[in-house]
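Data block below; observations after.
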Amino acid sequence: MVDAAPLKQLLKKEGAALVGIGDISKALPREIRHLNRGVAIAVNRGLNKDSIDLLCGLQRSAEDWIRELGFKNLSIPPDSDRRTGKLITRLYKLFCHKTAATCSGLGWIGKNGLIINSRYGSQLSWATVLTDAPLKTDKAITDSECGDCELCVKHCPSGALKGGKWSLSDPLKQMVYYDRCKALKSNRQRFDEKPNCGLCVTICPYSRKSRKKSMKEKI
Amino acid sequence: MADDAKKKEIYEKLRNGVIQYDEDACKEGAQEAIDAGLDANEAIFDGLVSGMEEVGRLFEAQEYFVPEILMCADALYAGLDILKPHCKQMDLGVKGSVVIGTVEGDVHDIGKNLVKMMFDVAGFNVYDLGRDVPLDKFVEEQLKTDSELVCLSAMMTTSMVGMPKVIEKIKEKNPNCMIMIGGAPTSKELADKWGADGYAEDASNALKEAIKMVAFLKKLRDEKLKK
Ligand code: B12
Ligand code: SF4
Ligand code: SF4
(Lines give C-alpha, C1' and ligand atoms only; values in the text may rest on other atoms or scores of the structure.)
(Ligands and ions follow the chains in the order given, each with its own letter.)
Protein backbone atom coordinates (compact mmCIF):
# COMPACT_ATOMS: atom_id res chain seq x y z
CA MET A 1 0.00 0.00 0.00
CA VAL A 2 1.36 3.41 -0.98
CA ASP A 3 0.57 6.49 1.09
CA ALA A 4 -1.12 9.05 -1.14
CA ALA A 5 -0.83 12.01 1.22
CA PRO A 6 2.33 13.45 -0.40
CA LEU A 7 0.68 13.31 -3.83
CA LYS A 8 -2.41 15.11 -2.53
CA GLN A 9 -0.27 17.76 -0.88
CA LEU A 10 1.74 18.29 -4.06
CA LEU A 11 -1.32 18.74 -6.26
CA LYS A 12 -3.05 21.06 -3.81
CA LYS A 13 0.05 23.20 -3.62
CA GLU A 14 -0.12 23.45 -7.42
CA GLY A 15 -3.71 24.66 -7.42
CA ALA A 16 -6.04 21.67 -7.07
CA ALA A 17 -9.15 22.29 -4.97
CA LEU A 18 -9.74 18.59 -4.27
CA VAL A 19 -7.76 15.40 -4.75
CA GLY A 20 -9.02 11.92 -3.93
CA ILE A 21 -8.04 8.33 -4.57
CA GLY A 22 -10.82 5.96 -5.57
CA ASP A 23 -11.02 2.23 -5.98
CA ILE A 24 -12.56 2.15 -9.43
CA SER A 25 -12.11 -1.53 -10.18
CA LYS A 26 -15.88 -2.08 -10.58
CA ALA A 27 -16.12 0.54 -13.30
CA LEU A 28 -13.37 -0.49 -15.69
CA PRO A 29 -13.70 -2.01 -19.15
CA ARG A 30 -11.37 -4.78 -20.25
CA GLU A 31 -8.81 -2.62 -22.03
CA ILE A 32 -7.83 -0.79 -18.85
CA ARG A 33 -8.86 -3.20 -16.12
CA HIS A 34 -5.37 -3.27 -14.59
CA LEU A 35 -5.52 0.46 -13.77
CA ASN A 36 -7.72 0.03 -10.73
CA ARG A 37 -7.02 3.28 -8.88
CA GLY A 38 -8.37 6.63 -9.99
CA VAL A 39 -6.78 9.85 -8.85
CA ALA A 40 -9.65 12.34 -9.06
CA ILE A 41 -8.49 15.96 -9.37
CA ALA A 42 -10.79 18.98 -9.28
CA VAL A 43 -10.19 22.67 -9.74
CA ASN A 44 -12.49 25.51 -8.81
CA ARG A 45 -13.93 26.95 -12.00
CA GLY A 46 -15.01 30.07 -10.20
CA LEU A 47 -11.40 30.92 -9.44
CA ASN A 48 -9.61 29.65 -12.53
CA LYS A 49 -10.37 30.90 -16.02
CA ASP A 50 -8.09 28.40 -17.72
CA SER A 51 -9.12 25.42 -15.65
CA ILE A 52 -8.37 22.99 -18.47
CA ASP A 53 -4.71 24.02 -18.72
CA LEU A 54 -4.39 23.92 -14.98
CA LEU A 55 -5.90 20.42 -14.82
CA CYS A 56 -3.60 19.14 -17.57
CA GLY A 57 -0.61 20.50 -15.66
CA LEU A 58 -1.80 18.81 -12.47
CA GLN A 59 -2.21 15.55 -14.35
CA ARG A 60 1.36 15.74 -15.55
CA SER A 61 2.59 16.29 -12.00
CA ALA A 62 0.60 13.29 -10.79
CA GLU A 63 1.95 11.16 -13.68
CA ASP A 64 5.52 12.09 -12.82
CA TRP A 65 4.98 11.31 -9.16
CA ILE A 66 3.51 7.90 -9.96
CA ARG A 67 6.10 7.05 -12.59
CA GLU A 68 8.84 7.82 -10.10
CA LEU A 69 7.45 4.99 -7.95
CA GLY A 70 7.63 2.68 -10.94
CA PHE A 71 3.93 2.33 -11.75
CA LYS A 72 1.82 2.83 -14.84
CA ASN A 73 -0.65 5.58 -15.43
CA LEU A 74 -3.09 6.89 -17.98
CA SER A 75 -4.47 10.41 -17.86
CA ILE A 76 -8.03 11.04 -18.99
CA PRO A 77 -7.92 14.73 -19.96
CA PRO A 78 -10.63 17.10 -18.69
CA ASP A 79 -11.81 17.81 -22.23
CA SER A 80 -11.70 14.14 -23.21
CA ASP A 81 -14.52 14.51 -25.73
CA ARG A 82 -12.60 17.07 -27.77
CA ARG A 83 -9.48 14.98 -28.16
CA THR A 84 -9.43 13.11 -31.46
CA GLY A 85 -7.01 12.02 -34.15
CA LYS A 86 -4.81 9.75 -32.09
CA LEU A 87 -5.36 6.11 -31.23
CA ILE A 88 -5.01 6.71 -27.50
CA THR A 89 -7.91 9.17 -27.56
CA ARG A 90 -10.21 6.23 -28.24
CA LEU A 91 -9.62 5.00 -24.73
CA TYR A 92 -10.74 8.27 -23.18
CA LYS A 93 -14.39 7.61 -23.68
CA LEU A 94 -14.11 4.39 -21.73
CA PHE A 95 -13.88 6.36 -18.52
CA CYS A 96 -15.86 9.22 -17.09
CA HIS A 97 -14.55 11.60 -14.43
CA LYS A 98 -17.68 11.40 -12.32
CA THR A 99 -16.92 7.79 -11.53
CA ALA A 100 -13.53 8.57 -10.02
CA ALA A 101 -15.04 11.47 -8.07
CA THR A 102 -17.76 9.38 -6.38
CA CYS A 103 -15.44 6.45 -5.75
CA SER A 104 -12.92 8.69 -4.01
CA GLY A 105 -15.60 10.25 -1.85
CA LEU A 106 -15.36 13.75 -3.30
CA GLY A 107 -19.01 14.08 -4.20
CA TRP A 108 -22.32 12.51 -5.11
CA ILE A 109 -24.18 12.83 -8.38
CA GLY A 110 -26.82 15.50 -7.92
CA LYS A 111 -30.22 15.68 -9.52
CA ASN A 112 -28.47 17.83 -12.12
CA GLY A 113 -26.38 14.81 -13.13
CA LEU A 114 -23.19 16.52 -12.02
CA ILE A 115 -20.78 15.85 -9.20
CA ILE A 116 -21.77 17.84 -6.12
CA ASN A 117 -19.09 18.37 -3.54
CA SER A 118 -20.47 19.49 -0.18
CA ARG A 119 -18.03 22.40 -0.05
CA TYR A 120 -17.74 23.48 -3.70
CA GLY A 121 -21.01 22.34 -5.21
CA SER A 122 -20.64 21.50 -8.90
CA GLN A 123 -18.59 24.56 -9.77
CA LEU A 124 -15.68 22.17 -10.34
CA SER A 125 -13.86 20.84 -13.38
CA TRP A 126 -12.52 17.34 -13.14
CA ALA A 127 -9.69 15.27 -14.50
CA THR A 128 -8.62 11.72 -13.69
CA VAL A 129 -5.32 9.86 -13.66
CA LEU A 130 -5.77 6.09 -13.75
CA THR A 131 -3.00 4.00 -12.26
CA ASP A 132 -2.01 0.54 -11.08
CA ALA A 133 -0.07 1.98 -8.13
CA PRO A 134 -1.58 0.50 -4.94
CA LEU A 135 -2.42 3.90 -3.49
CA LYS A 136 -4.36 3.98 -0.25
CA THR A 137 -7.96 4.68 -1.25
CA ASP A 138 -10.49 7.08 0.20
CA LYS A 139 -13.98 6.03 1.17
CA ALA A 140 -16.56 6.22 -1.61
CA ILE A 141 -19.70 8.32 -1.29
CA THR A 142 -22.73 6.08 -1.43
CA ASP A 143 -25.75 8.39 -1.42
CA SER A 144 -27.06 11.67 -2.72
CA GLU A 145 -27.35 14.55 -0.28
CA CYS A 146 -29.67 16.62 -2.44
CA GLY A 147 -32.53 15.90 -0.04
CA ASP A 148 -35.85 17.42 -1.07
CA CYS A 149 -34.26 20.19 -3.11
CA GLU A 150 -35.32 20.17 -6.77
CA LEU A 151 -34.16 23.58 -7.92
CA CYS A 152 -32.12 22.40 -10.88
CA VAL A 153 -34.85 20.08 -12.10
CA LYS A 154 -37.46 22.85 -11.98
CA HIS A 155 -35.32 25.48 -13.68
CA CYS A 156 -33.44 23.61 -16.41
CA PRO A 157 -34.58 25.47 -19.56
CA SER A 158 -34.57 22.36 -21.72
CA GLY A 159 -36.33 20.06 -19.27
CA ALA A 160 -33.31 17.77 -19.40
CA LEU A 161 -33.18 16.71 -15.76
CA LYS A 162 -35.21 13.68 -14.78
CA GLY A 163 -35.19 14.39 -11.05
CA GLY A 164 -34.12 11.00 -9.73
CA LYS A 165 -31.91 10.36 -6.74
CA TRP A 166 -28.51 8.81 -7.35
CA SER A 167 -26.95 6.10 -5.21
CA LEU A 168 -23.83 4.01 -5.56
CA SER A 169 -26.00 0.90 -5.52
CA ASP A 170 -27.33 1.93 -8.94
CA PRO A 171 -24.45 4.08 -10.16
CA LEU A 172 -25.29 4.02 -13.84
CA LYS A 173 -28.81 5.35 -13.45
CA GLN A 174 -29.48 7.92 -16.16
CA MET A 175 -30.20 11.28 -14.55
CA VAL A 176 -30.18 13.53 -17.61
CA TYR A 177 -31.79 13.57 -21.06
CA TYR A 178 -28.51 14.59 -22.64
CA ASP A 179 -30.04 15.08 -26.07
CA ARG A 180 -32.25 17.87 -24.71
CA CYS A 181 -29.32 19.63 -23.03
CA LYS A 182 -27.26 19.24 -26.21
CA ALA A 183 -30.05 20.59 -28.42
CA LEU A 184 -30.31 23.71 -26.30
CA LYS A 185 -26.55 24.10 -26.48
CA SER A 186 -26.46 24.04 -30.28
CA ASN A 187 -29.45 26.38 -30.49
CA ARG A 188 -27.70 28.93 -28.33
CA GLN A 189 -24.55 28.58 -30.37
CA ARG A 190 -26.49 29.62 -33.43
CA PHE A 191 -27.50 32.84 -31.72
CA ASP A 192 -23.89 33.47 -30.94
CA GLU A 193 -24.40 33.37 -27.21
CA LYS A 194 -22.14 31.59 -24.81
CA PRO A 195 -22.93 28.00 -25.78
CA ASN A 196 -22.87 26.51 -22.29
CA CYS A 197 -26.07 27.09 -20.39
CA GLY A 198 -24.81 25.74 -17.08
CA LEU A 199 -27.83 26.88 -15.12
CA CYS A 200 -27.84 23.52 -13.36
CA VAL A 201 -24.42 24.44 -11.96
CA THR A 202 -25.15 27.98 -10.86
CA ILE A 203 -28.57 27.39 -9.36
CA CYS A 204 -27.47 24.65 -7.01
CA PRO A 205 -27.36 25.91 -3.38
CA TYR A 206 -24.10 24.05 -2.82
CA SER A 207 -22.49 25.91 -5.73
CA ARG A 208 -23.89 29.27 -4.59
CA LYS A 209 -22.60 28.77 -1.08
CA SER A 210 -19.16 28.04 -2.51
CA ARG A 211 -19.22 31.07 -4.77
CA LYS A 212 -20.00 33.35 -1.85
CA LYS A 213 -17.11 31.85 0.07
CA SER A 214 -14.60 32.25 -2.74
CA MET A 215 -15.72 35.84 -3.38
CA LYS A 216 -15.03 36.59 0.25
CA GLU A 217 -11.63 34.91 -0.07
CA LYS A 218 -10.80 37.06 -3.08
CA ILE A 219 -11.59 40.25 -1.20
CA MET B 1 25.49 8.88 -47.45
CA ALA B 2 25.57 8.25 -43.74
CA ASP B 3 27.98 5.72 -42.37
CA ASP B 4 26.83 2.53 -40.74
CA ALA B 5 27.25 3.78 -37.18
CA LYS B 6 25.10 6.82 -37.86
CA LYS B 7 22.51 4.69 -39.58
CA LYS B 8 22.40 2.31 -36.65
CA GLU B 9 22.03 5.18 -34.25
CA ILE B 10 19.06 6.59 -36.15
CA TYR B 11 17.30 3.24 -36.42
CA GLU B 12 17.89 2.70 -32.73
CA LYS B 13 16.31 6.06 -32.00
CA LEU B 14 13.24 5.19 -34.05
CA ARG B 15 13.00 1.78 -32.42
CA ASN B 16 13.33 3.16 -28.89
CA GLY B 17 10.97 6.01 -29.69
CA VAL B 18 8.25 3.48 -30.46
CA ILE B 19 9.02 1.29 -27.46
CA GLN B 20 9.06 4.23 -25.06
CA TYR B 21 6.04 5.81 -26.79
CA ASP B 22 8.01 8.99 -27.35
CA GLU B 23 6.44 10.75 -30.33
CA ASP B 24 9.03 13.51 -30.40
CA ALA B 25 11.90 11.02 -30.61
CA CYS B 26 10.17 9.26 -33.51
CA LYS B 27 9.63 12.52 -35.36
CA GLU B 28 13.22 13.55 -34.77
CA GLY B 29 14.59 10.18 -35.80
CA ALA B 30 12.47 10.17 -38.96
CA GLN B 31 13.70 13.62 -39.95
CA GLU B 32 17.30 12.61 -39.25
CA ALA B 33 16.87 9.54 -41.44
CA ILE B 34 15.69 11.70 -44.32
CA ASP B 35 18.36 14.35 -43.82
CA ALA B 36 21.02 11.62 -43.79
CA GLY B 37 19.66 10.26 -47.06
CA LEU B 38 18.71 6.88 -45.63
CA ASP B 39 16.22 4.61 -47.34
CA ALA B 40 12.78 5.42 -45.94
CA ASN B 41 11.45 1.87 -46.31
CA GLU B 42 14.39 0.54 -44.39
CA ALA B 43 13.97 3.16 -41.67
CA ILE B 44 10.33 2.10 -41.30
CA PHE B 45 11.02 -1.60 -41.05
CA ASP B 46 14.36 -1.70 -39.24
CA GLY B 47 13.49 1.25 -37.02
CA LEU B 48 9.79 1.78 -36.34
CA VAL B 49 8.42 -1.70 -37.04
CA SER B 50 11.27 -3.38 -35.24
CA GLY B 51 10.27 -1.29 -32.22
CA MET B 52 6.66 -2.41 -32.60
CA GLU B 53 7.81 -6.03 -32.64
CA GLU B 54 9.45 -5.48 -29.28
CA VAL B 55 6.24 -3.83 -28.08
CA GLY B 56 4.39 -6.98 -29.14
CA ARG B 57 6.78 -9.00 -27.03
CA LEU B 58 6.31 -6.71 -24.02
CA PHE B 59 2.58 -7.06 -24.50
CA GLU B 60 2.80 -10.83 -24.52
CA ALA B 61 4.93 -10.67 -21.37
CA GLN B 62 2.18 -8.50 -19.81
CA GLU B 63 4.55 -5.66 -19.20
CA TYR B 64 2.59 -3.50 -21.61
CA PHE B 65 -1.19 -3.21 -21.79
CA VAL B 66 -3.60 -1.72 -24.29
CA PRO B 67 -2.94 1.95 -23.35
CA GLU B 68 0.80 1.52 -23.88
CA ILE B 69 0.21 -0.25 -27.18
CA LEU B 70 -1.93 2.61 -28.41
CA MET B 71 0.63 5.20 -27.34
CA CYS B 72 3.40 3.20 -29.03
CA ALA B 73 1.27 3.05 -32.15
CA ASP B 74 0.74 6.82 -32.00
CA ALA B 75 4.51 7.26 -31.79
CA LEU B 76 4.99 4.91 -34.73
CA TYR B 77 2.47 6.88 -36.77
CA ALA B 78 4.24 10.15 -35.92
CA GLY B 79 7.43 8.78 -37.50
CA LEU B 80 5.56 7.12 -40.32
CA ASP B 81 3.88 10.38 -41.34
CA ILE B 82 7.29 11.88 -42.00
CA LEU B 83 8.85 8.85 -43.68
CA LYS B 84 5.95 7.75 -45.85
CA PRO B 85 6.18 10.48 -48.52
CA HIS B 86 9.79 9.42 -49.08
CA CYS B 87 8.99 5.75 -49.53
CA LYS B 88 9.58 3.99 -52.74
CA GLN B 89 6.54 1.95 -53.65
CA MET B 90 6.97 -1.03 -51.43
CA ASP B 91 7.30 -4.19 -53.41
CA LEU B 92 7.14 -7.06 -51.01
CA GLY B 93 6.42 -9.67 -53.62
CA VAL B 94 3.20 -10.35 -51.77
CA LYS B 95 1.16 -7.33 -52.76
CA GLY B 96 -2.00 -7.53 -50.85
CA SER B 97 -5.15 -5.74 -50.11
CA VAL B 98 -7.41 -6.35 -47.20
CA VAL B 99 -10.96 -5.45 -46.26
CA ILE B 100 -11.39 -4.98 -42.54
CA GLY B 101 -14.24 -4.05 -40.21
CA THR B 102 -16.23 -4.76 -37.08
CA VAL B 103 -19.46 -6.61 -37.84
CA GLU B 104 -22.99 -5.29 -37.58
CA GLY B 105 -24.26 -4.52 -34.08
CA ASP B 106 -20.81 -4.05 -32.61
CA VAL B 107 -18.96 -0.78 -32.05
CA HIS B 108 -15.77 -2.10 -30.47
CA ASP B 109 -13.03 -1.04 -32.82
CA ILE B 110 -9.85 -0.72 -30.79
CA GLY B 111 -8.55 -4.17 -31.67
CA LYS B 112 -9.58 -3.79 -35.27
CA ASN B 113 -7.69 -0.52 -35.52
CA LEU B 114 -4.54 -2.09 -34.16
CA VAL B 115 -4.66 -4.81 -36.76
CA LYS B 116 -5.41 -2.27 -39.44
CA MET B 117 -2.42 -0.24 -38.43
CA MET B 118 -0.08 -3.19 -38.81
CA PHE B 119 -1.44 -3.89 -42.28
CA ASP B 120 -0.94 -0.23 -43.15
CA VAL B 121 2.66 -0.34 -42.07
CA ALA B 122 3.28 -3.51 -44.02
CA GLY B 123 2.24 -1.70 -47.18
CA PHE B 124 -1.07 -3.46 -47.66
CA ASN B 125 -3.91 -1.62 -49.28
CA VAL B 126 -6.41 -1.41 -46.46
CA TYR B 127 -10.10 -0.84 -46.98
CA ASP B 128 -11.39 -0.03 -43.53
CA LEU B 129 -15.16 -0.25 -43.34
CA GLY B 130 -15.21 0.97 -39.73
CA ARG B 131 -17.48 -0.43 -37.06
CA ASP B 132 -21.06 -1.67 -36.98
CA VAL B 133 -20.70 -2.69 -40.63
CA PRO B 134 -23.74 -4.26 -42.36
CA LEU B 135 -22.86 -7.85 -43.30
CA ASP B 136 -23.46 -7.44 -47.03
CA LYS B 137 -21.08 -4.50 -47.13
CA PHE B 138 -18.14 -6.89 -46.53
CA VAL B 139 -19.18 -9.02 -49.50
CA GLU B 140 -19.68 -5.99 -51.75
CA GLU B 141 -16.40 -4.38 -50.79
CA GLN B 142 -14.46 -7.60 -51.31
CA LEU B 143 -15.86 -7.97 -54.81
CA LYS B 144 -15.33 -4.33 -55.63
CA THR B 145 -11.70 -4.23 -54.49
CA ASP B 146 -10.83 -7.84 -55.32
CA SER B 147 -9.00 -8.08 -51.98
CA GLU B 148 -7.16 -11.27 -51.05
CA LEU B 149 -7.97 -10.97 -47.38
CA VAL B 150 -11.03 -10.07 -45.36
CA CYS B 151 -10.74 -9.49 -41.60
CA LEU B 152 -13.85 -9.62 -39.47
CA SER B 153 -13.86 -8.44 -35.89
CA ALA B 154 -16.50 -8.92 -33.20
CA MET B 155 -16.33 -8.37 -29.48
CA MET B 156 -19.79 -9.57 -28.49
CA THR B 157 -21.45 -12.97 -28.59
CA THR B 158 -24.52 -11.27 -30.01
CA SER B 159 -22.72 -9.75 -32.96
CA MET B 160 -20.35 -12.59 -33.85
CA VAL B 161 -23.25 -14.68 -35.13
CA GLY B 162 -23.15 -12.53 -38.25
CA MET B 163 -19.71 -13.86 -39.13
CA PRO B 164 -20.62 -17.25 -40.64
CA LYS B 165 -23.11 -15.51 -42.91
CA VAL B 166 -20.42 -13.20 -44.27
CA ILE B 167 -17.92 -16.04 -44.66
CA GLU B 168 -20.41 -18.19 -46.54
CA LYS B 169 -21.38 -15.40 -48.91
CA ILE B 170 -17.81 -14.38 -49.67
CA LYS B 171 -16.62 -17.97 -50.21
CA GLU B 172 -19.58 -18.59 -52.48
CA LYS B 173 -18.66 -15.69 -54.72
CA ASN B 174 -14.91 -15.93 -54.39
CA PRO B 175 -13.53 -19.21 -52.99
CA ASN B 176 -9.91 -17.99 -53.12
CA CYS B 177 -10.41 -15.11 -50.74
CA MET B 178 -8.81 -15.63 -47.32
CA ILE B 179 -10.85 -14.73 -44.27
CA MET B 180 -9.51 -14.04 -40.82
CA ILE B 181 -11.78 -13.58 -37.82
CA GLY B 182 -11.01 -12.26 -34.38
CA GLY B 183 -12.35 -10.76 -31.20
CA ALA B 184 -12.91 -11.97 -27.64
CA PRO B 185 -15.90 -14.31 -28.12
CA THR B 186 -14.56 -16.10 -31.21
CA SER B 187 -12.33 -19.16 -31.15
CA LYS B 188 -10.21 -21.39 -33.34
CA GLU B 189 -13.00 -23.98 -33.25
CA LEU B 190 -15.59 -21.45 -34.41
CA ALA B 191 -13.25 -20.25 -37.15
CA ASP B 192 -12.86 -23.83 -38.37
CA LYS B 193 -16.56 -24.54 -38.05
CA TRP B 194 -17.49 -21.43 -39.99
CA GLY B 195 -14.86 -22.04 -42.67
CA ALA B 196 -12.60 -19.08 -41.92
CA ASP B 197 -8.93 -19.42 -42.87
CA GLY B 198 -7.40 -17.63 -39.94
CA TYR B 199 -8.19 -16.72 -36.40
CA ALA B 200 -6.86 -14.50 -33.61
CA GLU B 201 -8.02 -15.02 -30.05
CA ASP B 202 -8.74 -11.41 -29.12
CA ALA B 203 -7.54 -7.90 -29.85
CA SER B 204 -4.18 -8.76 -28.34
CA ASN B 205 -3.73 -11.92 -30.33
CA ALA B 206 -4.92 -10.23 -33.47
CA LEU B 207 -2.13 -7.80 -32.85
CA LYS B 208 0.35 -10.62 -32.34
CA GLU B 209 -0.89 -12.25 -35.53
CA ALA B 210 -0.51 -8.98 -37.35
CA ILE B 211 2.98 -8.50 -35.96
CA LYS B 212 3.91 -12.00 -37.01
CA MET B 213 2.54 -11.22 -40.43
CA VAL B 214 4.65 -8.10 -40.67
CA ALA B 215 7.71 -9.99 -39.43
CA PHE B 216 7.03 -12.57 -42.09
CA LEU B 217 6.77 -9.89 -44.75
CA LYS B 218 10.01 -8.42 -43.54
CA LYS B 219 11.70 -11.77 -43.92
CA LEU B 220 10.36 -12.10 -47.44
CA ARG B 221 11.68 -8.68 -48.25
CA ASP B 222 15.12 -9.44 -46.80
CA GLU B 223 15.31 -12.66 -48.80
CA LYS B 224 14.32 -10.81 -51.91
CA LEU B 225 16.97 -8.19 -51.33
CA LYS B 226 19.61 -10.87 -50.92
CA LYS B 227 18.88 -12.32 -54.33
C1 B12 C 1 -19.95 14.38 -23.23
C2 B12 C 1 -20.14 15.30 -22.06
C3 B12 C 1 -21.27 16.15 -22.05
C4 B12 C 1 -22.36 16.09 -23.13
C5 B12 C 1 -23.31 14.89 -23.11
C6 B12 C 1 -23.15 13.86 -22.02
C7 B12 C 1 -23.54 12.46 -22.47
N8 B12 C 1 -23.34 11.48 -21.63
O9 B12 C 1 -24.01 12.27 -23.57
C10 B12 C 1 -23.16 17.40 -22.90
C11 B12 C 1 -22.77 18.39 -23.99
C12 B12 C 1 -24.68 17.29 -22.91
C13 B12 C 1 -22.64 17.86 -21.55
C14 B12 C 1 -23.24 18.90 -20.84
C15 B12 C 1 -22.76 19.39 -19.66
N16 B12 C 1 -21.57 19.05 -19.07
CO17 B12 C 1 -20.45 17.55 -19.60
N18 B12 C 1 -19.21 16.23 -20.05
C19 B12 C 1 -19.19 15.33 -21.00
C20 B12 C 1 -17.95 14.42 -20.82
C21 B12 C 1 -16.91 14.85 -21.85
C22 B12 C 1 -18.21 12.92 -20.96
C23 B12 C 1 -19.39 12.41 -20.12
C24 B12 C 1 -19.92 11.07 -20.57
O25 B12 C 1 -20.30 10.88 -21.69
N26 B12 C 1 -19.95 10.09 -19.70
C27 B12 C 1 -20.48 8.78 -19.96
C28 B12 C 1 -21.85 8.61 -19.28
C29 B12 C 1 -22.40 7.22 -19.57
O30 B12 C 1 -21.66 8.70 -17.89
P31 B12 C 1 -22.39 9.75 -16.98
O32 B12 C 1 -23.84 9.63 -17.10
O33 B12 C 1 -21.81 11.07 -17.30
O34 B12 C 1 -21.89 9.37 -15.47
C35 B12 C 1 -22.19 8.16 -14.88
C36 B12 C 1 -20.94 7.48 -14.31
O37 B12 C 1 -20.04 8.43 -13.81
C38 B12 C 1 -21.55 6.57 -13.25
N39 B12 C 1 -20.88 6.46 -11.96
C40 B12 C 1 -20.71 7.37 -11.01
N41 B12 C 1 -20.12 6.83 -9.94
C42 B12 C 1 -19.93 5.52 -10.20
C43 B12 C 1 -19.37 4.50 -9.44
C44 B12 C 1 -19.29 3.19 -9.98
C45 B12 C 1 -18.73 2.10 -9.15
C46 B12 C 1 -19.76 2.94 -11.31
C47 B12 C 1 -19.70 1.61 -11.92
C48 B12 C 1 -20.31 4.02 -12.06
C49 B12 C 1 -20.39 5.27 -11.50
O50 B12 C 1 -22.84 7.07 -13.00
C51 B12 C 1 -22.99 8.35 -13.62
C52 B12 C 1 -24.42 8.75 -13.65
O53 B12 C 1 -25.22 8.15 -14.59
C54 B12 C 1 -17.50 14.74 -19.36
C55 B12 C 1 -16.00 14.61 -19.14
C56 B12 C 1 -15.62 13.19 -18.77
N57 B12 C 1 -14.72 12.58 -19.49
O58 B12 C 1 -16.16 12.64 -17.83
C59 B12 C 1 -18.06 16.17 -19.14
C60 B12 C 1 -18.53 16.58 -17.76
C61 B12 C 1 -19.31 15.44 -17.17
N62 B12 C 1 -19.44 17.72 -18.02
C63 B12 C 1 -19.36 18.67 -17.14
C64 B12 C 1 -20.19 19.85 -17.18
C65 B12 C 1 -19.84 20.93 -16.18
C66 B12 C 1 -21.26 19.99 -18.11
C67 B12 C 1 -22.26 21.15 -18.27
C68 B12 C 1 -22.68 21.92 -17.02
C69 B12 C 1 -21.84 22.11 -19.38
C70 B12 C 1 -20.68 22.95 -19.07
N71 B12 C 1 -20.90 24.16 -18.56
O72 B12 C 1 -19.56 22.55 -19.33
C73 B12 C 1 -23.48 20.46 -18.92
C74 B12 C 1 -24.43 19.90 -17.85
C75 B12 C 1 -25.32 18.78 -18.30
C76 B12 C 1 -25.76 17.93 -17.15
N77 B12 C 1 -26.67 18.43 -16.33
O78 B12 C 1 -25.27 16.80 -16.96
C79 B12 C 1 -18.32 18.35 -16.07
C80 B12 C 1 -19.00 17.96 -14.74
C81 B12 C 1 -18.37 18.58 -13.53
C82 B12 C 1 -19.14 18.16 -12.31
N83 B12 C 1 -19.08 18.94 -11.27
O84 B12 C 1 -19.74 17.12 -12.28
C85 B12 C 1 -17.47 17.18 -16.74
C86 B12 C 1 -16.93 16.13 -15.77
C87 B12 C 1 -16.30 17.88 -17.47
C88 B12 C 1 -15.10 18.20 -16.57
N89 B12 C 1 -13.89 17.94 -17.03
O90 B12 C 1 -15.21 18.74 -15.49
N91 B12 C 1 -21.53 17.16 -21.16
S1 SF4 D 1 -26.69 22.87 -18.90
FE2 SF4 D 1 -28.64 23.96 -18.97
S3 SF4 D 1 -29.89 22.74 -20.36
FE4 SF4 D 1 -28.18 21.45 -19.78
S5 SF4 D 1 -28.93 20.30 -18.03
FE6 SF4 D 1 -27.92 22.11 -17.21
S7 SF4 D 1 -29.57 23.60 -16.97
FE8 SF4 D 1 -30.33 22.01 -18.30
S1 SF4 E 1 -29.92 22.13 -7.17
FE2 SF4 E 1 -30.68 20.87 -5.48
S3 SF4 E 1 -31.39 19.00 -6.45
FE4 SF4 E 1 -30.10 20.04 -7.93
S5 SF4 E 1 -28.11 19.14 -7.63
FE6 SF4 E 1 -28.19 20.97 -6.34
S7 SF4 E 1 -28.88 20.21 -4.37
FE8 SF4 E 1 -29.29 18.59 -5.83
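One table, with the values for the structure above:
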quantity	calculated
Of the trypsin sites (Lys or Arg not before Pro) in region A:7-46, those whose Cβ has at most 12 other Cβ within 10 Å and which sit in DSSP loop	A:Arg33
Within chain A: Cβ-based charge dipole about Cα centre, in debye rounded to nearest 20 (Lys, Arg +1; Asp, Glu -1)	520 debye
Computed over region A:5-131: relative contact order in percent, which uses C-alpha pairs under 8 Å that are six or more apart	35 percent
Radius, Kirkwood style, for region A:151-218 when every pair of distinct Cα atoms is counted (Å)	13.7 Å
Relative contact order %, region A:96-219, counting alpha carbon pairs below 8 Å whose residues are six or more apart	30 percent
Selection of trypsin sites (Lys or Arg not before Pro), region A:108-201, meeting DSSP coil and at most 16 other Cβ within 10 Å	A:Arg119, A:Lys136, A:Lys139, A:Lys162, A:Lys165, A:Lys173
No Cys partner within the rule (Cβ under 4.7 Å), chain A	A:Cys56, A:Cys96, A:Cys103, A:Cys146, A:Cys149, A:Cys156, A:Cys181, A:Cys197, A:Cys204
Shielded by partner chains, region A:60-87 residues - at least 30 Å² of accessible area, 1.4 Å probe, vs chain alone	A:Lys72, A:Lys86, A:Leu87
Rh by Kirkwood over Cα pairs, then Stokes-Einstein D for region A:99-201 at 1.002 mPa s and 20 °C, µm²/s	143 µm²/s
Table column - 3J(HN,Hα) (Hz), region B:57-69, Karplus curve with 6.51, -1.76, 1.60, x for Gly and Pro	5, 4, 5, 4, 7, 6, 8, 10, 10, 3, x, 5, 4
Where Rh is the Kirkwood radius over Cα pairs, Rg/Rh for region B:97-205	0.91
Inter-part distance where region B:133-204 and region A:1-69 are each reduced to a Cα centre, Å	42 Å
For chain A: relative contact order, % (alpha-carbon pairs under 8 angstrom, 6 or more apart)	23 percent
For the protein assembly as shown, accessible area per residue (1.4 Å probe, heavy atoms of protein chains only), Å²	50 Å²
Two-decimal Rg to Rh for the protein assembly as shown - Kirkwood Rh, Cα set	1.03
Angle between chain A longest axis and helix A:205-218 axis [Cα atoms, degrees, rounded to 10]	70 degrees
Tensor-based shape of region A:1-150 (alpha-carbon gyration tensor, a/c under 1.5 rounded, otherwise prolate or oblate)	rounded
DSSP beta bridge pairing in the protein assembly as shown, given as percent antiparallel to the nearest 5	55 percent
Over region B:4-88: Kirkwood hydrodynamic radius from C-alpha pairwise inverse distances, Å	12.3 Å
Separation in nanometres of the label points that stand 7 Å from Cα toward Cβ, at B:Lys165 and A:Leu10	5.3 nm
For region B:128-168, the Rg and Dmax computed from alpha carbons only, in angstrom	10.1, 29
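The values are calculated or read from the model by the stated rules, or taken from the named source; none is laboratory data. Because the structure is a prediction, the values reported are computed rather than measured. Glycine gets a Cβ as well: all are built from the backbone with ideal geometry, and neighbour counts include every protein chain shown. Heads up: the accessible areas ignore ligands, DNA and RNA and are worked out on the full protein's heavy atoms, side chains in. Shrake-Rupley method; radii C 1.70, N 1.55, O 1.52, S 1.80 Å.
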